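Working notes for the structure below.
The values are calculated or read from the model by the stated rules, or taken from the named source; none is laboratory data. Since this is a predicted model, take the numbers as computed values, not measurements. Glycine also receives a Cβ, built like all others from the backbone with ideal geometry; neighbour counts cover every protein chain displayed. Remember, those area values only see protein heavy atoms, side chains included, never the ligands or the DNA or RNA. Shrake-Rupley method; radii C 1.70, N 1.55, O 1.52, S 1.80 Å.
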Amino acid sequence: MAEDSAQDRDLPASLKRRQQAREKGQVARSRDLSSSLLMVASAAAVYYGGAWFFGHGAQVLHEGLSVPAAAAHDPQQMLEFAATVARDGLVIGLPLMLLSFVVCIAGGVALGGWVFSLEALSLDFTRLDPVSGIQRMFSLSGLVELGKALLKTVVIGSLLALVLWSQRGTLLSLLGVAPSQAPALLGSLCGHAFVWLAAATLLVAAVDVPWQIVQLNNKLKMSRQDLKDEMRESEGNPEVRQRLRAMQRERARRRMMAAVPKADVVVTNPTHFAVALGYEQGRQRAPVVLAMGADRVAARIRELAVEHGVAVVEAPPLARALYRYAELEQEIPVKLYNAVALLLAYVYQLRALPQQARAPADWAIPADLDTSADKAMPVH
């Protein structure tokens, strides 16, 4: 059988295939979404805390450049001075680092969820194949990545140009302000541009996220042969399942036949159906069906009953009703209690007074139970 081509894979991925892909680390991921969230978080931090970061940063920078004369000639004091400056700098940078870490994790988990796969970390030397690399470059996925890169360049560049053009008056005013005021004005301008730049990356992420989902779904699509193979792996080979079912039926039939000698009576149709009933007074609420069958199985049940001295009674309506409505190794239906009671009473008479026993003329089958012989019977 020829292998299915990519065009033949038109069926959506099954739940099992998606689970296997997830275990391998194949989930939808968007680097643009992660970078966009990082940009937005950083822009918010600059917008709301820029003055604090700028003020404390300038102070730490001033302290770092103002080395005491004593520390310059004493290595121990120099180390203590450097540790103090590093600690102050860490206090300023730590919030931004923690924010970046949390946002990066959230951006990765937001789309595909949390996945840990050692298989995804394994080396794949096929990625080093230059021919495959060139094919990926000119594939649909490579063209889309190129298109996204161009889109990011156009969108971000155009938006940045518009922001700078709208703030051209502020930029020109920097030439006339005092040096002490220029950093604050320039910082405000940069923060404003950074906010709009972060907003632009959200547009790129809005395009990339659906594309990553579509790309993953296309990659996981299955052919009809893939689906058949998966069902065969999940449920087993059909020939093996059929053989197991046959073996189970054979064991059930042998167990059923072994119970016939324990029966109290076998009621027959007389030739088409046979049902073996057993009843232990005081231990069972009602008689139990020990064996039942049609045609050849019914004939074998009758033979075993005769061989072991089990009473065989011809009662066609009762035999058909038991075969149709009773279940193997289960108590007889409530609606057949009266009919089976008459049957057992007749059997007990046969054992005690065989010459005086008379079979009931009417087996008391309820009228709502269909026992017609021409209707198809269930196969047990």
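Would you be able to tell me the number of residues in the range 327-353 that are open to solvent by less than 80 Å² (accessible area, probe 1.4 Å) and in a loop (DSSP other than H, G, I, E, B)?
3
For the range 278-311, how many residues are charged (D, E, K, R) and closer than 13 Å to residue 266 by Cβ?
Result for the range 278-311: 4.
Please specify each residue of the range 322-363 satisfying the condition of being closer than 20 Å to residue 288 by Cα and small (Gly, Ala, Ser).
Matches in the range 322-363: 326, 339, 341, 345.
Within the group 64, 50, which residue is within 26 Å of residue 98 (Cα to Cα) and modelled with pLDDT under 75?
50
Which one of these does residue 264 not meet: (1) closer than 25 Å to residue 357 by Cα; (2) without any contact (Cβ under 8 Å) to a residue 60 or more places away in the chain?
(2)
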